[in-house]
Amino acid sequence: MKQILCSTGAFLGRPNGRDYRLLEVYVPQLACDGIEFIMYDSWYGEIDELTGYLKKLKLNIPVLHCEKKLTEGITRGGREETAEAYRLFEINCRLAGEIGARKTVIHLWNGPISDTAIDNNVRAFGDLREIAGRYGTDLLVENVVCHLQDPMTHWCRLKEVYPDIHFIFDTKMADFHRQLDLLYAPEYRWLTEEGHIRHYHVNDYGGGYKDWNNLKVLAPGEGHIDFERFTAFVKSTGYRDTFTFEATALDQHGTVGIERLNRQFEWAKRML
């Protein structure tokens with residue numbers, strides 16, 4: 001069954017101290033089916049408290065988004081950094097298992113270091129997927145932006161090494177590299193026909209090709225992505241699972257625009 005989710009990153013951020021206890025304030029006001037919970041590095045020191053809090057709330061959290069920076073140690077390489085990345089990743093997976101998130105999103109490459117040593121990340125994926133599996137969660141590789149190459153090149157390589165790999169497709173990330181149209185191309189139909197895409201991030205983009213100054217996450221209709229084509233294609237594939245909306249609704253004073261978020265969910269329910 002299709003589920004429209006809101007990323008917690010849309011309403012928890014620096015202006016409100018990334019206070020996860022605000023979930024009980026904002027989630028009941030959201031006109032969506034559940035949330036995608038994004039982990040922040042500042043929470044590792046209170047992971048037991050965080051886990052207990054989330055379990056107490058009994059929210060619908062089908063998807064957990066791993067802390068984004070943890071794989072940067074894998075990219076840099078070396079025994080100690082790799083081991084630390086694995087340790088942090090396992091904390092994320094344990095949390096996913098405790099809160100019932102059956103999907104876990106990972107930035108297999110990330111940040112300034114990005115895909116500068118992609119061989120390290122490709123090799124590590126098998127270990128990471130095994131760790132995730134121990135906690136009953138499916139590890140999904142996101143098509144995040146790249147400095148050297150592009151997400152689809154890395155996805156194709158990963159599929160060669162791990163034929164049953166699963167992905168999460170982000171519309172903004174794809175359009176940043178001008179790769180959104182590849183989703184519809186016959187030579188990439190294996191992504192949907194073989195069931196490799198298990199989740200979508202539905203975000204707009206207003207910049208140009210690899211326009212690093214325009215990476216802001218926009219709500220559908222605020223950029224130039226053709227969402228009529230996108231939604232028609234997704235429906236044509238028979239996909240009936242999870243979609244997350246990530247456009248920020250948090251201003252510099254910490255005020256959350258609930259109406260802005262709910263307009264996205266209303267749009268999603270019409271279009272998807």
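The values are calculated or read from the model by the stated rules, or taken from the named source; none is laboratory data. Just so it is clear, the model here is predicted, and its values are computed rather than measured. Every residue, glycine among them, receives a Cβ derived from its backbone with ideal geometry; neighbour counts consider all protein chains shown. Side chains are part of the model used for accessible areas, which takes the heavy atoms of the whole protein and leaves out ligands, DNA and RNA. Shrake-Rupley method; radii C 1.70, N 1.55, O 1.52, S 1.80 Å.
Out of the residues in region 131-149 that are surrounded by 19 or more Cβ atoms within 10 Å (Cβ to Cβ) and closer than 12 Å to ASN110 by Cβ, which is nearest to the chain's Cα centre (by Cα)? So the residue we want is GLU142. Can you confirm whether region 110-125 contains a residue that is part of a loop (DSSP other than H, G, I, E, B), of a type in the set (Ser, Thr, Tyr) and over 24 Å from GLY45 (Cα atoms)? Yes: region 110-125 contains one or more residues that are part of a loop (DSSP other than H, G, I, E, B), of a type in the set (Ser, Thr, Tyr) and over 24 Å from GLY45 (Cα atoms). For region 88-130, filtered to residues that are of a type in the set (Asp, Glu) and open to solvent by 10 Å² or more (accessible area, probe 1.4 Å), the residue that is nearest to LEU5 (Cα to Cα) is GLU98. Of the helices (runs of 4 or more DSSP H) lying entirely inside region 179-272, the ones with 2 or more residues being over 25 Å from ASP138 (Cα atoms), touching a residue at least 40 places away in the same chain (Cβ under 8 Å) and of a type in the set (A, V, I, L, M) are found at 258-271.
Looking for something at negative phi, assigned to a loop (DSSP other than H, G, I, E, B), surrounded by fewer than 15 Cβ atoms within 10 Å (Cβ to Cβ) and free of Cβ contacts under 8 Å to residues at least 12 places away in the same chain - is there at least one such residue anywhere in region 157-167? Within region 157-167, one or more residues are at negative phi, assigned to a loop (DSSP other than H, G, I, E, B), surrounded by fewer than 15 Cβ atoms within 10 Å (Cβ to Cβ) and free of Cβ contacts under 8 Å to residues at least 12 places away in the same chain. Evaluating ALA83 against the criteria (1) buried (at least 17 other Cβ atoms within 10 Å of the Cβ); (2) out of contact with any helix residue (DSSP H, G or I) (no Cβ under 7 Å at 6 or more places or on another chain) leaves one unmet condition, (1).
Among what's in region 168-190 and is over 16 Å from the mean Cα position of the chain (by Cα), closer than 23 Å to HIS147 by Cβ and not acidic (Asp, Glu), pick the residue that is most open to solvent (accessible area, probe 1.4 Å). First the steps, then the outcome.
Taking region 168-190 as the starting set, the residues that turn out to be over 16 Å from the mean Cα position of the chain (by Cα) are 177-190.
Checking which are closer than 23 Å to HIS147 by Cβ leaves us with 177-183, 188.
Among the residues that remain, those that are also not acidic (Asp, Glu) are: 177-180, 182-183, 188.
Values: HIS177: 12, ARG178: 111, GLN179: 21, LEU180: 13, LEU182: 43, LEU183: 1, TYR188: 48 Å².
Of everything passing the filter in region 168-190, ARG178 is most open to solvent (accessible area, probe 1.4 Å).
Would you please name the residue that is least open to solvent (accessible area, probe 1.4 Å), looking only at residues in region 191-218 that are in contact with a helix residue (DSSP H, G or I) (Cβ under 9 Å, 6 or more places away or on another chain) and polar (S, T, N, Q)? Looking at residues that are in contact with a helix residue (DSSP H, G or I) (Cβ under 9 Å, 6 or more places away or on another chain) and polar (S, T, N, Q), I get ASN203.
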